[in-house]
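Structure first, then comments.
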Amino acid sequence: IDKMIRKNIINYRCLTATSESVKKEYIKLGVRSENIKIIPNFIDYNKFESCSENIDKIKLKYKIDRGKIIVLSVGRNHPKKGYDVIPSIIKELLKYRSDFIWIIVGKDCERIYEKANNINVEKYLRIIGEIGKDTDKLTLNLPSFDLIKIYKASDVFCFPTRLETFGNVFLEAMASETPIVTTNAPGAIDNIFHEQNGLVNNIDDINAFAFNINRLLNERVLRDKIVNCGKKRIKQFDLNK
């Protein structure tokens, strides 16, 4: 299939790309820039606005102590997502603070527990299975209200990705007013800009991840700036637009 695509892709007069990073991949295959139209992914911003959360109820539902800070990651466990470094980030973050719980929401994430157990940080990690769409909503109307509530109850969204085409989770976190820490991976750098609408560090840089998470939790002015910039940027990706 890959050989077929590489051979024939230049014959198409119009190709869509979700981000500049995807556009660059097309160009590497010989596609002319003028034949590529960027059409980004989207969210229904009104759904986020209409979803209210009670943080204490969310913590009670998932058996999290009321005084705990929530660091959140969302998405299936795949090597490109970088979830295998989360236990190591937790261990490094413990040098700064211990008042947190790291939640991962996604499919096949349970295996991360094994590494967490090996380095004795399992009590700071909580795995929640995949949360699907609302049963009474259209298929495209994602994420579900249950997942939005978790986003809104979280203090930091941390996504240690190594490769994205777009990264809808960035839109979801910004719409939930949850500040972001991520990497300079393709796809991520199309959406998150350092010290504007998030904090960005090198891929697999465990020390930088822990430092930046702690920084967001301690520096209120920086946190507010990132949240406000995210709220402005997210409107560019609203479904209605």
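Evaluate the stretch 192-207: report whether one residue or more is more than 19 Å from residue 106 (Cα to Cα) and in a helix (DSSP H, G or I). Spell out how you get there, then give the answer.
Narrowing the stretch 192-207 to residues more than 19 Å from residue 106 (Cα to Cα): 192-207.
This time we only want the ones that are in a helix (DSSP H, G or I), so: 206-207.
Yes, some residue in the stretch 192-207 is more than 19 Å from residue 106 (Cα to Cα) and in a helix (DSSP H, G or I).
Yes or no, residue by residue, for (1) among the aromatic types (Phe, Trp, Tyr); (2) within 21 Å of residue 21 (Cα to Cα); (3) in contact with a helix residue (DSSP H, G or I) (Cβ under 7 Å, 6 or more places away or on another chain):
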site: 194; (1), (2), (3): no, yes, no
site: 197; (1), (2), (3): no, yes, yes
site: 202; (1), (2), (3): no, yes, yes
site: 209; (1), (2), (3): yes, no, yes
site: 218; (1), (2), (3): no, no, no
site: 228; (1), (2), (3): no, no, no
site: 240; (1), (2), (3): no, no, no
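I need a count of the residues in the stretch 1-39 that are among the hydroxyl-bearing types (Ser, Thr, Tyr), free of Cβ contacts under 8 Å to residues at least 40 places away in the same chain and either open to solvent by less than 80 Å² (accessible area, probe 1.4 Å) or within 15 Å of residue 168 (Cα to Cα) (or both). Talk me through it step by step, then tell me what you get.
The first filter runs over the stretch 1-39 and keeps only residues among the hydroxyl-bearing types (Ser, Thr, Tyr), leaving 12, 16, 18-19, 21, 26, 33.
Add one more test, that the residue is free of Cβ contacts under 8 Å to residues at least 40 places away in the same chain, and what stays is 12, 16, 26, 33.
Remaining after also requiring either open to solvent by less than 80 Å² (accessible area, probe 1.4 Å) or within 15 Å of residue 168 (Cα to Cα) (or both): 16, 26, 33.
Of the residues in the stretch 1-39, 3 are among the hydroxyl-bearing types (Ser, Thr, Tyr), free of Cβ contacts under 8 Å to residues at least 40 places away in the same chain and either open to solvent by less than 80 Å² (accessible area, probe 1.4 Å) or within 15 Å of residue 168 (Cα to Cα) (or both).
Output the number of residues of the stretch 192-208 satisfying the condition of being of a type in the set (A, V, I, L, M), surrounded by 24 or more Cβ atoms within 10 Å (Cβ to Cβ) and closer than 24 Å to residue 91 by Cβ. Can you show your working first?
Looking only at the stretch 192-208, we keep the residues that are of a type in the set (A, V, I, L, M), and these are 192, 199-200, 203, 206, 208.
Retained after the next criterion (residues that are surrounded by 24 or more Cβ atoms within 10 Å (Cβ to Cβ)): 192, 199.
Next, from what is left, pick out any that are closer than 24 Å to residue 91 by Cβ: 199.
Residues flagged as of a type in the set (A, V, I, L, M), surrounded by 24 or more Cβ atoms within 10 Å (Cβ to Cβ) and closer than 24 Å to residue 91 by Cβ within the stretch 192-208 amount to 1.
Taking the criterion of being among the basic types (Lys, Arg), within 20 Å of residue 216 (Cβ to Cβ) and open to solvent by less than 60 Å² (accessible area, probe 1.4 Å), would at least one residue in the stretch 43-57 satisfy it?
Keep residues of the stretch 43-57 that are among the basic types (Lys, Arg), which gives 47, 57.
If we keep only those that are within 20 Å of residue 216 (Cβ to Cβ) as well, we get none.
Taking every residue of the stretch 43-57 in turn, none turns out to be among the basic types (Lys, Arg), within 20 Å of residue 216 (Cβ to Cβ) and open to solvent by less than 60 Å² (accessible area, probe 1.4 Å).
Do we have residue 42 as touching a residue at least 24 places away in the same chain (Cβ under 8 Å) and farther than 26 Å from residue 201 by Cβ here?
yes
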- Where residues in the stretch 1-46 are among the acidic types (Asp, Glu) and part of a helix (DSSP H, G or I), which of them is nearest to the chain's Cα centre (by Cα)? 20
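Please find, among 171, 138, the residue that is at pLDDT below 95 and of a type outside the set (Asp, Glu). If you could, list the steps in order and put the result at the bottom.
Working: 171 fails: at pLDDT below 95.
Result: 138 is the single residue among 171, 138 that is at pLDDT below 95 and of a type outside the set (Asp, Glu).
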- Residue count for the stretch 164-191, restricted to those that are at negative phi and outside any helix (DSSP H, G or I): 17
- Note on the structure: For residue 127, the lone unmet condition from (1) within 24 Å of residue 167 (Cα to Cα); (2) part of a helix (DSSP H, G or I) is (2)
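Is at least one residue of the stretch 156-176 small (Gly, Ala, Ser), crowded, with 19+ Cβ neighbours inside 10 Å and in contact with a Pro (Cβ under 9 Å, 6 or more places away or on another chain)? Talk me through it step by step, then tell me what you get.
Just the residues of the stretch 156-176 that are small (Gly, Ala, Ser), to begin with: 167, 173, 175-176.
After this cut, where a residue has to be crowded, with 19+ Cβ neighbours inside 10 Å as well, the list is 167, 173, 175-176.
Then drop every residue that is not in contact with a Pro (Cβ under 9 Å, 6 or more places away or on another chain), which leaves 173.
Checking the stretch 156-176: at least one residue is small (Gly, Ala, Ser), crowded, with 19+ Cβ neighbours inside 10 Å and in contact with a Pro (Cβ under 9 Å, 6 or more places away or on another chain).
Kindly establish whether residue 74 is surrounded by 15 or more Cβ atoms within 10 Å (Cβ to Cβ) and either touching a Leu at 6+ places or on another chain (Cβ under 9 Å) or not hydrophobic (A, V, I, L, M, F, W, C) (or both). Outline the logic, then answer.
Numbers: surrounded by 15 or more Cβ atoms within 10 Å (Cβ to Cβ): yes; either touching a Leu at 6+ places or on another chain (Cβ under 9 Å) or not hydrophobic (A, V, I, L, M, F, W, C) (or both): yes.
So residue 74 passes the test.
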- When (1) surrounded by fewer than 13 Cβ atoms within 10 Å (Cβ to Cβ); (2) under 15 Å from residue 178 (Cα atoms) are applied to residue 114, the one that fails is (2)
- Query: residue 80 passes all but one of (1) free of Cβ contacts under 8 Å to residues at least 24 places away in the same chain; (2) assigned to a helix (DSSP H, G or I); (3) charged (D, E, K, R); which number fails?
  - Reply: (1)
- Task: Could you tell me which numbered condition residue 88 fails, if it satisfies all but one of (1) in a helix (DSSP H, G or I); (2) open to solvent by less than 10 Å² (accessible area, probe 1.4 Å); (3) of a type outside the set (Val, Ile, Thr); (4) within 20 Å of residue 215 (Cα to Cα)?
- Result: (2)
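Being open to solvent by 50 Å² or more (accessible area, probe 1.4 Å) and either out of contact with any helix residue (DSSP H, G or I) (no Cβ under 6 Å at 6 or more places or on another chain) or of a type in the set (A, V, I, L, M, F, W, C) (or both), is that true of even one residue in the stretch 177-191? Give the steps one after another, and end with the answer.
Looking only at the stretch 177-191, we keep the residues that are open to solvent by 50 Å² or more (accessible area, probe 1.4 Å), and these are 177, 184, 186, 189.
Next cut, either out of contact with any helix residue (DSSP H, G or I) (no Cβ under 6 Å at 6 or more places or on another chain) or of a type in the set (A, V, I, L, M, F, W, C) (or both) only: 184, 189.
Yes, the stretch 177-191 contains at least one residue that is open to solvent by 50 Å² or more (accessible area, probe 1.4 Å) and either out of contact with any helix residue (DSSP H, G or I) (no Cβ under 6 Å at 6 or more places or on another chain) or of a type in the set (A, V, I, L, M, F, W, C) (or both).
The values are calculated or read from the model by the stated rules, or taken from the named source; none is laboratory data. All values derive from a computational prediction rather than experimental measurement. All Cβ positions, even for glycine, are placed from backbone atoms using ideal geometry, and neighbour counts span all protein chains on display. SASA here: full protein model, heavy atoms, side chains in, ligands and nucleic acids out. Shrake-Rupley method; radii C 1.70, N 1.55, O 1.52, S 1.80 Å.
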